[in-house]
Each structure stands twice: as structure tokens, then as C-alpha cells.
1. Can you name the residue in segment 93-124 that is not in a helix (DSSP H, G or I) and not hydrophobic (A, V, I, L, M, F, W, C) and, of all such residues, is most open to solvent (accessible area, probe 1.4 Å)?
2. All but one of (1) over 13 Å from VAL279 (Cβ atoms); (2) of a type in the set (S, T, N, Q); (3) open to solvent by less than 60 Å² (accessible area, probe 1.4 Å) hold for THR318; which doesn't?
3. So which residues in segment 307-327 are in contact (Cβ under 8 Å) with a residue 12 or more places away in the chain and in a helix (DSSP H, G or I)?
4. If you go through segment 261-280 one residue at a time, do you hit one that is part of a loop (DSSP other than H, G, I, E, B), within 18 Å of LEU241 (Cα to Cα) and touching a residue at least 60 places away in the same chain (Cβ under 8 Å)?
5. So in segment 153-196, with the set limited to residues that are small (Gly, Ala, Ser) and in contact with a helix residue (DSSP H, G or I) (Cβ under 7 Å, 6 or more places away or on another chain), which one is surrounded by the fewest Cβ atoms within 10 Å (Cβ to Cβ)?
6. Please verify whether segment 197-211 includes one or more residues that are under 14 Å from ALA136 (Cα atoms), buried (at least 16 other Cβ atoms within 10 Å of the Cβ) and without any contact (Cβ under 8 Å) to a residue 40 or more places away in the chain.
7. What pairs can you find where one residue is in segment 171-191 and assigned to a helix (DSSP H, G or I), the other is open to solvent by 50 Å² or more (accessible area, probe 1.4 Å), and their Cβ atoms are less than 6 Å apart, with a gap of 6+ or different chains?
8. I need a count of the residues in segment 219-243 that are part of a helix (DSSP H, G or I) and either among the polar types (S, T, N, Q) or surrounded by fewer than 18 Cβ atoms within 10 Å (Cβ to Cβ) (or both).
Amino acid sequence: MQVTERIDAGRAWTLTALAGVAALVLGSLVFYDTVYRGFVWHYFWGPVYADANNALCAVHRGGSVELLYNQVACQQAVTGGAIVAEPGYTLVSEVGYMVVLLFGLIGVLQLLRRLDVGRDRDLFFALVPFMLFGGALRVVEDANDAVPEGVTQAIAYPWNSLIISPIIYFTVFFVTLGSLLVTVWLRREGYVETYAGPMVAVGSAAFLLTFGYLVSLALSADYVAFYPQVLLSVVLIATALAGGIYFAVDRFRPEINAGTGLIGLVVLWGHAIDGVANVIAADWLGALGVDAVYSPKHPANAFIISTAEAILPASLLTALGSSWPFLLVKLVVALAVVWIFDREIFEESPRYALLLLTAIVAVGLGPGTRDMIRATFGI
């Protein structure tokens with residue numbers, strides 16, 4: 001009965017996915033202006049297309065798409081009523097990607113059940129290097145965009161769209177899925193005792209090769225610098241914050257960590273990396289000897305910063321900057337997640353609990369790694 005239910009659940013998920021894609025395609029064909037131009041292109045593909053071509057915006061004028069590299073021209077297009085897409089996220093796209101993520105998690109859960117993996121915690125830790133790899137791979141595209149005029153890009157359009165957010169999440173997912181399938185096969189054939197060790201090796205190798213490529217660019221290209229003090233600062237501060245919170249909680253409120261164990265430390269660390277990287281990139285690069293300032297791309301981050309600037313005293317903003325509340329929010333939310341995932345959740349559905357925690361860490365550690373490495377190389 002359980003096998004039948006699992007097969008039915010897997011088929012139901014596949015049919016739902018196919019129906020959703022079919023509805024989107026059909027809607028785009030029948031209601032081109034409303035569904036495709038006004039929704040799919042405006043909020044999802046248009047921002048990727050503009051980013052892939054290093055443009056400030058892309059304008060869909062019905063029969064053609066124009067790339068603009070001047071902010072005034074972009075604003076004029078908006079004022080004129082054209083459909084304009086800018087690189088980055090909007091609230092609509094973030095909600096859309098969140099829905100896709102949650103639906104995708106259900107599909108991955110069915111796959112893990114079919115492969116009979118994911119009940120132990122080894123899979124969670126084996127996936128962490130792939131999160132670091134995803135962040136580093138995104139910086140490769142940042143470096144690709146930083147190529148000065150007259151220099152050929154190492155990765156040209158359309159291939160660079162594969163490593164632009166959010167498509168890069170799908171790219172990294174399929175690389176990770178391929179690694180999982182191969183290592184599970186190796187275990188079943190008796191070549192290895194566990195799939196987790198080989199997966200850690202593959203993910204770590206992918207990250208180190210990608211980071212090594214960026215180091216080689218720093219040594220050979222004038223448009224890429226290298227500021228190791230940024231990398232060290234982010235990692236050390238984030239590690240100190242995450243470790244301090246985790247061990248303090250473990251001593252005074254051990255029931256909070258009882259369910260997740262060391263996974264909770266990784267949750268805190270992943271989001272601390274994201275928070276600290278944002279704070280340093282926004283407010284403290286000058287103190288580290290880096291002549292650059294980065295602005296947030298995510299609406300949630302931008303909202304927190306703008307709110308802090310509006311309500312906090314000027315003296316506090318001068319002393320600490322305006323982005324530190326984002327770090328505070330990240331740490332509070334991460335700790336709340338650790339608290340929610342108690343032993344009962346793991347006992348009832350260990351696979352789903354581990355999958356959710358993996359996704360929670362990925363949405364912090366992936367972008368945080370990207371921000372950290374991007375500032376490290378001054379891109």
C-alpha cells in the first residue's frame with residue numbers, strides 16, 4: 001500500500017507539473033500580451049535577459065525587445081507605458097520563485113523516497129558544498145559582466161543566462177541531482193560504502209575549481225581585483241556569530257537545538273554569511289581598504305535598509321551604517337527556524353524536514369557566498 005501511494009504521489013506531482021507548464025504555454029500563446037509579455041517576460045525572463053546582456057533594462061515593444069544601457073532611457077520607456085524589465089528581483093518574481101521552490105521540494109521528496117535516501121542527516125551535510133559552488137558560480141557571471149568594452153566575454157549570451165539568478169538555481173540543482181544519482185548508483189553497485197562522501201568530494205571540487213578560476217582572473221585580468229581581507233572578515237565574523245549563538249543556546253536553552261543538532265549550527269552560519277556579507281558590502285568596504293559600494297538587489301533587504309534609514313538616529317547610522325538590521329533579522333529568523341524543527345518533526349517526516357532545512361540554508365548561504373566572493377574580487 002505504501003509503495004502504491006508513493007508511486008501515485010510521484011505521478012500526481014509529474015502530472016501537475018506538466019499541466020502547469022501546459023497552461024502557461026497555452027496562456028502565452030492565446031493571451032500573448034497579458035500572460036507572456038505582462039507576466040512571464042516582465043517578471044521572469046525579461047530581468048534575466050537584461051542581466052545576461054549587461055543592460056540596465058530590457059523593453060518589450062510587442063514585436064521586438066530592445067536593450068537599453070541608459071537609466072534615463074529606461075525611465076522614459078516606463079513613463080511611456082512600455083513593458084520594462086530590469087535585472088534583479090521584484091516582489092512578484094520572488095513570490096513566483098517561492099511557489100516553484102515549494103512545489104519543487106515536493107517533487108524532490110518523491111525522488112528521494114524512490115532512491116531510498118535522505119532519511120539520515122548525511123545528505124544535508126553533503127549538499128552544503130554545492131551551495132558554496134552555486135554562490136561562486138554566480139560570481140563567474142559577475143566577472144563576465146565586468147569585462148570592459150573591446151574585450152570578449154568568456155561566456156557569451158545565451159550560455160551566460162544559465163549562471164544568472166534565478167536560472168542558476170536550476171543549473172546548480174541539476175548538477176547536484178546528477179551527482180546524487182551517480183553516487184547512489186556507485187553505492188548500490190558496491191564501489192563505495194556511502195553516497196555522502198563522494199558527494200562532498202564532488203561539491204567541494206566544483207567549488208574549488210570555480211573559486212580557482214576567479215583567482216586566475218584576478219591574477220591575469222585588470223578588471224578583477226583580489227581583497228582576501230573581505231573573505232576573511234565575512235567568514236570569521238559569521239562563524240563567530242553563528243557559533244556564539246549556537247553554543248549559548250545549547251547551554252542555556254538546549255531544547256532549541258535538540259531537534260536539529262549540528263544542522264542548526266549550519267543554518268545559523270549560512271544566514272550569518274548572508275547577513276555579514278551584506279553589511280560589509282554595503283557599509284564597511286571602505287574600512288577594509290576596498291573602494292567600492294554595493295547596493296542590495298533583493299526587495300526584502302532594500303526594505304529593511306530603507307526602514308532603518310527612516311527610523312534610526314543619524315548618529316547610530318553614522319557609526320554602524322544602515323544595513324546591520326538585515327543581519328539581525330537573518331539571525332533571529334534562522335534561530336526561529338532551528339527552534340521550530342524539533343525532534344517530533346524529524347521523527348514524523350525526516351526526509352521532508354531535512355529537505356526543508358536544506359532549502360532554508362541554500363537561500364541564505366548561496367546568495368551570501370555570492371555577495372562575499374563578489375566583494376572579495378571587487379567585481
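The values are calculated or read from the model by the stated rules, or taken from the named source; none is laboratory data. Being a predicted model, the structure only gives us computed values, none of them experimental. Glycine gets a Cβ as well: all are built from the backbone with ideal geometry, and neighbour counts include every protein chain shown. Side chains are part of the model used for accessible areas, which takes the heavy atoms of the whole protein and leaves out ligands, DNA and RNA. Shrake-Rupley method; radii C 1.70, N 1.55, O 1.52, S 1.80 Å.
1. Of the residues in segment 93-124, the ones not in a helix (DSSP H, G or I) are 116-121.
Of the ones still in play, those that are also not hydrophobic (A, V, I, L, M, F, W, C) are 116, 118-121.
On the way: ASP116: 102, GLY118: 3, ARG119: 146, ASP120: 70, ARG121: 80 Å².
My answer is ARG119.
2. Unmet condition: (3).
3. Within segment 307-327, THR307, ALA308, GLU309, LEU320, TRP324, PRO325, PHE326, LEU327 meet the criteria.
4. yes
5. ALA154
6. No, segment 197-211 contains no residue that is under 14 Å from ALA136 (Cα atoms), buried (at least 16 other Cβ atoms within 10 Å of the Cβ) and without any contact (Cβ under 8 Å) to a residue 40 or more places away in the chain.
7. THR171/LEU162; SER179/VAL202
8. Here the count works out to 12.
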